[in-house]
Amino acid sequence: MVSEMFSCDCFWWNSVPESYPSEPEPFSLPAPLPQWPQGGAFAGGRISLGSLEVLKISKFERVWSSKSSHGKSQGFVFYKPVEIPDDFFCLGHYCQSNDQPLRGHVLVARETSSELKAESPALKKPINYTLIWSADSPHDGSGYFWLPNPPLGYKAMGIVVTNKPDEPEVEKVRCVREDLTETCETCDLLLSMNSKFSKISFKVWNTRPCKRGMWSRGVSVGTFFCSTYSDNKQGTDIACLKNLDSTLHAMPNIEQVHALINHYGPTVYFHPDEIYLPSSVQWFFKNGALLCSRGSEKGKAIDNEGSNLPSGGTNDGAFWIDLPSDSEARNNVKKGDLESAELYVHVKPALGGTFTDIAMWVFCPFNGPGILQVGLVKIEMNKIGEHVGDWEHFTLRVSNFTGELWSVFFSQHSGGEWVNAFNLEYIEGNKAVVYSSRHGHASFPHPGSYLQGASKLGIGARNETGRSKLKVDSSSRYKVVAAEYLGEGAIAEPCWLQYMREWGPAIVYDSRSEIDKLIDLLPVYVRLSVENLFELFPTELYGEEGPIGPKGKANWEGDEKCY
């Protein structure tokens, strides 16, 4: 595969070739990685999990491949890791589709010196294997899928694939002592195959830890799970690793954090017709934002640092922030101030400290009205979708083994999506592009229009994105506001970050009058009652509580929420 140039300052990775190769080519970021600042085990290639040390293997040998059963030319390739150091052991094999570059990895493990005196070793050979599935194709050859049967007190980490019917040698993989593992779940259905001679279906999924977030310690091994069941309830037959090292020594220190942001920080582009631009929080306060409280008719001015905001507690509805009461000042603040805008950065562990998540928050004083679409008709609303104090974000996920950008999460209203590094648009070196949607400021990886709602019916909220001169370079215009893993006091969190109440008043729109206009535009065969039509649009278009700040959102401590 090759990259395809679209302009002089960006390129796209062409992941949809005319014909799919039998083996995908490895992916590399556009530019070489820099020499990261020294300190700790970040980007050192190996990570200690306490009783185990793990190494990332991204060199593979093809074992078997198969086309999808859905009639598409897309296929899937099953690999075994190669060039494993002598004292490390394989935990399972790897699978991916061949319509994308080879980008995955699996972890191999060895016992640390602390385990030498343990009654039971951290790693043990399986007793034997259970054959889960076999396939014989004149084009693809034969493939056999084996589940390692672990000794009592141990867990299998992945599946072994062979191209011969003989049961694999028990030396091929290791199982892990149960106390060093976490439960995992299946995700991302990769492959579904149906037998011509029976109703049995063979399915292959990726796996991930069940519990994820900055306090969780589950480590993804990079292996897959497969079964002949119609669902994924058998995913507990394999497990993930667990990081027992409380220091999370592979996480970057503050100098390395700055180096990562300087190297990877995306440029955020706002739509050419955007009216409601971002600003710094300090600019918002300085230009007349008010702290309102229940039972009080007048709001109080907020000082520039937000030190007079109530701190901590919960969102009890007792306080909220609003725009200035003067109409001219109110309209001025709504427009934001791009010159003052900066990204507010939260750095946190992911997947047991084997990855670092760099969440970059954008603040806009005002979220504009929504743009609705019914079929080919686009309707710009007058009020629906408006609210004060809009917080949006995107997240960079970086491998702590190498310091390599792995993926980016694009937050989109109540959900979002992870996009692999090979599907990003890059503007300079390894710096990606983030497109902010007009009025709503949701994040997207590419320019264009995105429909949120009943997309099959062509009905929903329309998110429009595009390039313009309105942009913010997050690699230089940012402020690290939190990194709890560095220890108390390492980062001086701003006063406003501790404000856990609403950044805007609660709003209930008189949306019936505007929605009524849409009914007559619907084709007869999809015309619905008003009540049903309401369900096709995002709930925030009809009214919402005032938005809360970054620290009050579930993804502050938890993993990102995908659709």
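The values are calculated or read from the model by the stated rules, or taken from the named source; none is laboratory data. If you're wondering where the values come from, they're calculated on a predicted model, not measured in any experiment. Cβ: placed from backbone, ideal geometry, glycine included. Neighbour counts: every protein chain shown. Accessible surface areas use protein heavy atoms only, side chains included; no ligands, DNA or RNA. Shrake-Rupley method; radii C 1.70, N 1.55, O 1.52, S 1.80 Å.
Please identify which residues in segment 313-357 have an amide N closer than 11 Å to a label point set 7 Å out from the Cα of SER293, following the Cα→Cβ vector.
318-320
Are there chymotrypsin sites (Phe, Trp or Tyr not before Pro) in segment 221-309 that DSSP puts in a loop and that have at most 14 other Cβ atoms within 10 Å, and which ones?
Sites meeting the loop and neighbour criteria: TYR229.
Of the accessible area of segment 46-242, with the probe set at 1.4 angstrom, what percent is carbon plus sulfur?
Heavy-atom surface of segment 46-242 belonging to carbon and sulfur, 1.4 Å probe: 47 percent.
How much of the pair distance distribution for segment 46-242 lies past 20 Å, counting alpha-carbon pairs only, in percent?
Tail fraction, whole percent: 54.
Please give the residues of segment 271-307, grouped as numeric ranges, whose backbone N is less than 15 Å from a label point set 7 Å along the Cα-to-Cβ vector of LYS469.
Under 15 Å, as judged by backbone N against the label point of LYS469, lie 271-274 of segment 271-307.
Give the carbon-plus-sulfur fraction of the accessible surface of segment 281-415 in %, rounded to a whole number; probe 1.4 Å, heavy atoms of protein chains only.
Taking all protein chains in place, segment 281-415 shows 47 percent carbon and sulfur surface.
So, in nm, how far is label SER134 from label SER97 when the simple model puts each one 7 Å beyond its Cα toward the Cβ?
3.0
I'd like the accessible area for ASP87, computed on protein heavy atoms only with a 1.4 Å probe and all protein chains in place. Round to 10 Å², please.
The accessible area comes out at roughly 70 Å².
Using a 1.4 Å probe, how large is the accessible area of TRP133, given in Å² and rounded to the nearest 10?
Solvent-accessible area, nearest 10 Å²: 40 Å².
Starting from the 7 Å offset along Cα-to-Cβ, what nm value, one decimal, do you get for the label separation of ASN304 and THR112?
4.7
Given a Förster distance of 30 Å, report the FRET efficiency between ASP179 and LEU33 from their Cβ-Cβ distance, rounded to the nearest 0.05.
0.25
Between ARG62 and ALA492, what FRET efficiency follows from the Cβ-Cβ distance if R0 is 45 Å, with the result rounded to 0.05?
0.30
With labels modelled as points extended 7 Å from the Cα through the Cβ direction, what inter-label distance (nm, one decimal) is found for LEU189 paired with LEU152?
In this crude spin-label approximation the distance works out to 3.8 nm.
For ALA506 and GLU83, compute 0.36 nm times the residue count separating them, minus their Cα-Cα distance, and round to one decimal in nm.
146.4 nm is the gain from fully extending ALA506 to GLU83.
Rounded to two decimals, what is Rg over Rh for segment 192-338 when you use alpha-carbon atoms and the Kirkwood radius?
Reported Rg/Rh (Cα atoms, Kirkwood Rh): 1.19.
Run the numbers on segment 46-242 and let me know its relative contact order in percent, using alpha-carbon pairs under 8 Å that are six or more apart.
20
As a test question: what accessible area, to the nearest 10 Å², does HIS387 have when a 1.4 Å probe is rolled over all protein chains in place?
20
On a 1.4 Å probe surface of the protein chains, which of ARG208, ARG217, ARG438 comes out largest in accessible area, and what is the full order?
The ranking, largest first, comes out as ARG208, ARG217, ARG438.
Please state, as a whole number in µm²/s, the translational diffusion coefficient that the Stokes-Einstein equation yields for segment 272-359 at 20 °C and 1.002 mPa s, with Rh defined as the Kirkwood radius across alpha carbon pairs.
D = 140 µm²/s.
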